[in-house]
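To keep things clear, I will list the structure first and then write my remarks on it.
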Amino acid sequence: MEGDFLEKLKSLEIPTCLRVCCGTDGSVTFLLEIMTRKPVSVKTESQYVVKADKEMAELLGVEEGSEVNDRTVRLYAGDTVLVHARSLSPLERMPQTMRDQLMRADIPIGRILRSHNLETRRDMVELEILEGEPTFDGIPILSRTYKIVHHNHVLMWINERFPIDERWKL
């Protein structure tokens, strides 16, 4: 998927800042802070610990019934929402301190990973433009899905949605 992902991303007529954020295999939060020159804050919309059903278990490579943190957040630079993201994280694969940070605070995932010095990689799964979604009041969005992998196991599955509009002309 990596090559397909890159070719698809390069073919899209979207602002360069958005292409960079969507194409990175590193921290989106860090890039947003560089691009906007503002601190990026995370506001959690919902967060639940759920039991993995069959589909979720296959997606994450865990047993059905495993505890999974299901978190939905928005990333803001000042008052501007730049990203809507959902993450699924199998709790059994996380150090307890990382679990605590993820579940109790509005901390970006990139910062959590960095603070624990975890060697990870991001495997890109899907890239698509969605029309008419309510996420950003019907504005077309660029949606990317990827997995954060640690020791060849999925540590997190993440879907990020970026509005395709003027806010990316930085």
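The values are calculated or read from the model by the stated rules, or taken from the named source; none is laboratory data. Note that the structure is predicted; figures quoted are calculated from it, not measured. Ideal geometry is used to build each Cβ from the backbone, glycine not excepted, and the neighbour counts take in all protein chains shown.
Brief remarks follow.
- The residues listed here are LEU88, LEU59; of these, the one that is aliphatic (A, V, I, L, M), in contact with an Asp or Glu (Cβ under 8 Å, 6 or more places away or on another chain) and under 16 Å from HIS153 (Cβ atoms) is LEU88.
- Any hit, the stretch 42-52, residues being in a helix (DSSP H, G or I) and aliphatic (A, V, I, L, M): no
- A count restricted to the stretch 155-170 and to residues that are within 19 Å of HIS84 (Cα to Cα) and in a strand (DSSP E or B) stands at 8.
- Just one of (1) over 19 Å from VAL20 (Cβ atoms); (2) modelled with pLDDT of 90 or more fails for ARG144. It is (1).
- Only one of SER41, SER11 that is hydroxyl-bearing (Ser, Thr, Tyr) and over 20 Å from ILE107 (Cβ atoms): SER11
- Among the residues of the stretch 11-39, those identified as touching a residue at least 12 places away in the same chain (Cβ under 8 Å) and of a type in the set (Asp, Glu) are ASP25, GLU33.
- Considered as a group, the residues in the stretch 117-154 that are assigned to a loop (DSSP other than H, G, I, E, B) and polar (S, T, N, Q) include one that is nearest to MET56 (Cα to Cα), and that residue is ASN152.
- Members of the stretch 104-125 that are closer than 27 Å to ILE141 by Cα and more than 15 Å from the chain's Cα centre (by Cα): ALA105
- Qualifying residue in the stretch 5-16 (condition: at pLDDT below 95, under 18 Å from the mean Cα position of the chain (by Cα), loosely packed, with under 14 Cβ neighbours inside 10 Å and not charged (D, E, K, R)): yes
- Of ARG99, ARG114, ARG74, ARG86, all but one fail to be in a helix (DSSP H, G or I), over 16 Å from GLY26 (Cα atoms) and in contact (Cβ under 8 Å) with a residue 24 or more places away in the chain; the exception is ARG99.
Conditions tested, residue by residue: (1) aliphatic (A, V, I, L, M); (2) surrounded by 20 or more Cβ atoms within 10 Å (Cβ to Cβ).
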site: VAL42; (1), (2): yes, no
site: TYR48; (1), (2): no, no
site: LYS51; (1), (2): no, no
site: LEU60; (1), (2): yes, yes
site: GLU63; (1), (2): no, no
site: VAL68; (1), (2): yes, yes
site: VAL73; (1), (2): yes, yes
site: ALA77; (1), (2): yes, yes
site: HIS84; (1), (2): no, yes
